[in-house]
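Note sheet for the following structure.
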Amino acid sequence: MSIVIKKSFPFSFDTSACSSCLGNCCIGQSGNIWINKQEIINLSEYLNISIKDLKIKFLRKKLYKYSIKEIQLSKNNFACIFFDLNKKSCSIYEQRPQQCKTFPFWNYFKNNIEEVLKECPAITKL
Ligand code: SF4
């Protein structure tokens, strides 16, 4: 059991709960999974494909930024294209973007705790 608590966040996060979760933070309503320039370079090396191919196959451009594509599973239900639906885990875990690494400690959730409580079984309100 590994409980993470961060200053000014009104919840704790038990990382050991991730192994029994079916990937709620990678599946659900459509959203942006931002990936920065250095992360794109690292991921292209990790996947052994060119940056151009990575962008075409796996990313979508939103103004001047890139977000990872999603696949639609059902109405209002999407999965990150890198989520392995059979293994129920991230297929690029070592190179997942910072946004994923820092979940659930996003400023947005400080004031929207009910939203993350519904989504993530690893979270306990403090
Ligand atoms: S990159 Fe990995 S951790 Fe991030 S949303 Fe996609 S599957 Fe989940």
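Here is how the numbers come out for the structure above:
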{"quantity": "Coordinate range along principal axes, alpha carbons of the range 66-119, Å, largest first", "calculated": "32, 29, 24"}
{"quantity": "Extension gain, residue 34 back to residue 98 (0.36 nm per residue minus Cα-Cα distance, nm)", "calculated": "22.2 nm"}
{"quantity": "Surface per residue (accessible, 1.4 Å probe) for the range 1-50, Å²", "calculated": "64"}
{"quantity": "Relative contact order [Cα under 8 Å, 6+ residues apart], the chain, whole percent", "calculated": "35"}
{"quantity": "Helical mean residue ellipticity (222 nm; -39500 (n - 2.57) per DSSP H run of 4+; nearest 500) of the chain", "calculated": "-6500 deg cm²/dmol"}
{"quantity": "Linear extension gain, residue 117 paired with residue 19, 0.36 nm per residue minus alpha-carbon span", "calculated": "33.6 nm"}
{"quantity": "Amide H contacts of residue 73 (H built 1.01 Å from N, under 5 Å, at least 5 apart or other chain)", "calculated": "78, 79"}
{"quantity": "Within a Gaussian network of the chain (alpha carbon springs, distance under 10 Å), most fluctuating of 56, 68, 35", "calculated": "56"}
{"quantity": "Environment charge at residue 39 (Cβ cut-off 12 Å; Lys +1, Arg +1, Asp -1, Glu -1)", "calculated": "+2"}
{"quantity": "Carbon/sulfur fraction of accessible area - the chain, other protein chains in place, 1.4 Å, %", "calculated": "53"}
{"quantity": "Folded to 0 to 90 degrees: helix 37-47 orientation relative to the chain principal axis, Cα", "calculated": "70"}
{"quantity": "Gyration tensor verdict on the range 31-86 (Cα atoms; rounded if a/c is under 1.5, prolate if a/b is larger than b/c, oblate otherwise)", "calculated": "oblate"}
{"quantity": "GNM result for the chain, Cα springs below 10 Å: residue of 47, 59, 22 fluctuating most strongly", "calculated": "47"}
{"quantity": "Contact order relative to length of the range 6-76, as percent, for alpha carbon pairs under 8 angstrom and 6 or more apart", "calculated": "31"}
{"quantity": "Entries in 87/125; 6/110; 65/88; 69/118; 6/65; 65/110 that, when Cα-Cα distance is taken, lie over 18 Å", "calculated": "87/125; 65/88; 69/118; 6/65; 65/110"}
{"quantity": "Reachable aspartates and glutamates from residue 57, criterion Cα separation under 19 angstrom, eight or more residues apart if same chain", "calculated": "39, 45, 70, 84"}
{"quantity": "Projected area averaged over orientations for the range 11-126, convex hull of C-alpha atoms, nm²", "calculated": "7.9"}
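The values are calculated or read from the model by the stated rules, or taken from the named source; none is laboratory data. Note that this is a predicted model, so its numbers are computed, not measured. So basically every Cβ, Gly included, is an ideal-geometry build from the backbone, and we count neighbours across all protein chains shown. For the accessible areas, the whole protein counts, side chains as well, though only heavy atoms, and no ligand, DNA or RNA atoms are used. Shrake-Rupley method; radii C 1.70, N 1.55, O 1.52, S 1.80 Å.
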